[in-house]
Amino acid sequence: MENKAKIGVLGASGYTGAELVRLLLRHPRVEIALLTAERRAGQDMREVFPQFSPFALPKLVALEVLDRAAAGLDLVFCALPHATTQQVIKRLFAGAPASKVVDLSADFRLRDPAAYARWYGHEHQAPELQARAVYGLVEAYRRDIKEATLVANPGCYTTCAQLPLIPLLKATAIDPDEIVIDAKSGMTGAGRAAKEAMLFSEVSEGFNAYGVGHHRHMAELDQEFSKAAGRNVVATFTPHLVPMNRGILSTIYVRGRDRTPEDLHKILCETYADEPFVHLLPFGEVPHTRHVRGSNMTFIGVAKDRAPGRAIIVSALDNLVKGASGQAVQNMNLMLGFPETLGLEQVALFP
């Protein structure tokens, strides 16, 4: 029988941690060997998430055990809050230099430590690790991810916008100065911590924009769009909160550079023809969030705007799967030499 990779999930009591456990339980090549959760330390996973009652999982432990537990792990998923991960991963690599890490926080996504300090309000605590971190958008950095020991999993909003726009910017097919991203996310994108603004009566029957003009995902968008275009790109991006559990829908407005909307659709079709987790709809059709719920898929549609030269691109993904934990497992598969789609082939849940 083939040896299984031993996997740890730090921050297993959050939504992304639970989604990682859900996906890993059915992955044939891994064994979940460590689960941490500070407030829930000492509890069984089933006490936090009853859906895991039938499964034998490690008891939740505090991060303080990491120094002695990490040495036996092949790969660790870090699903910890932003700004806490840098020191934790430093400790992990100090005690287990052969381990690999997929970080689901924002702590290693920005290549420039000065940009990190500007957007997050404090100095980067592990610049030497940042220098070796690979941005984990698989469809753009597959080759680098295969050789990486530290991968920064992209944000959910950014994945939804970057997948349709990066190929168009690389092809100089759209005007980089005229990109507007109008994005909507379900409630799980805000995390599981108790917050007054996230109470049912605060969000039900409502719909609102937030982080207007200064959302931190803008830094990721600027970084990746500028790299794709070969020049500075500052897109307009506004996130919205929708009273649903899962899903992101991005409606993106672009202007073609001597390209029709049909041309843009063709470029995306050719780019993603062999990609297992990006699907282009027929021209003129647009996706719904329910079309990708529970799956690792991103659906993209392209339609003609009534304004000449403009196109409307709509992309949809599940923020907990392709926007977080599913993409993290996709990165893990590449880093450990497994087939990229292993454990991720589930079709979307409908209804």
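Observations on the structure shown:
- Extents of the stretch 263-339, taken as max minus min of Cα coordinates on every principal axis and listed largest first, are 47, 25, 15 Å.
- Angle between the chain longest axis and helix 261-271 axis [Cα atoms, degrees, rounded to 10]: 30
- For the chain, a Gaussian network of Cα nodes joined below 10 Å ranks 46, 142, 109 by mean-square fluctuation, and the top entry is 46.
- Centroid-to-centroid, using Cα positions, the stretch 315-348 and the stretch 78-135 are 21 Å apart.
- The residues of the chain have, on average, 44 Å² of accessible surface per residue, using a 1.4 Å probe with all protein chains present.
- Hydrodynamic analysis of the stretch 11-124 uses the Kirkwood radius over alpha carbon pairs. Inserted into Stokes-Einstein at 10 °C and 1.306 mPa s, it gives a translational diffusion coefficient of 106 µm²/s.
- Altogether, the Stokes-Einstein calculation at 4 °C and 1.567 mPa s, with the Kirkwood radius of the stretch 193-351 over Cα pairs as Rh, returns a diffusion coefficient of 74 µm²/s.
- Acute angle (nearest 10 degrees) that the helix 15-24 long axis makes with the longest principal axis of the chain, alpha-carbon atoms: 80
- The stretch 60-168: translational diffusion in µm²/s, Stokes-Einstein, Kirkwood Rh over Cα pairs, 25 °C, 0.890 mPa s: 168
- Highest to lowest packing among 280-292, 325-337, scored as the average C-beta count within 10 Å: 325-337, 280-292
- Cα-based Rg and Dmax for the stretch 68-126, where Dmax is the largest Cα-Cα distance (Å): 12.0, 37
- The slack in the chain from residue 112 to residue 59, taken as 0.36 nm per residue of separation less the alpha-carbon distance, amounts to 15.3 nm.
- Orientation-averaged projection of the stretch 33-93 equals 4.5 nm² [convex hull of Cα atoms, one quarter of hull surface area].
- Distance from the stretch 166-185 to the stretch 41-69 (C-alpha centre basis), Å: 42
- Per-residue HN-Hα couplings for the stretch 206-217 [Karplus 6.51, -1.76, 1.60; θ = phi - 60°; Hz; x = Gly/Pro]: x, 6, 8, 7, 8, x, 5, x, 8, 5, 5, 5
- Portion, in percent, of the accessible area of the stretch 1-140 that falls on carbon or sulfur, probe 1.4 Å: 51
- Cα gyration tensor of the chain - equivalent ellipsoid semi-axes, whole Å, descending: 33, 22, 20
- Farthest towards the positive end of the charge dipole of the chain, among the residues 236, 89, 127, is the Cα of 89, using unit charges on the Cβ of Lys, Arg, Asp and Glu.
- Extension gain (nm, one decimal) between residue 2 and residue 31, 0.36 nm per residue minus Cα-Cα: 9.3 nm
- Extension gain for residue 270-residue 306 works out to 10.5 nm (0.36 nm per residue, less the C-alpha to C-alpha distance).
- The stretch 93-152 shape via C-alpha gyration tensor axes, a/c threshold 1.5: oblate
- Between 0 and 90 degrees, the angle of helix 326-335 with respect to the longest Cα principal axis of the chain falls at about 70 degrees.
The values are calculated or read from the model by the stated rules, or taken from the named source; none is laboratory data. Nothing here was measured: the structure is a model prediction, and the numbers come from that model. Don't worry about glycine lacking a Cβ; one is built from the backbone with ideal geometry, like all the others, and counts go over all protein chains shown. Remember, those area values only see protein heavy atoms, side chains included, never the ligands or the DNA or RNA. Shrake-Rupley method; radii C 1.70, N 1.55, O 1.52, S 1.80 Å.
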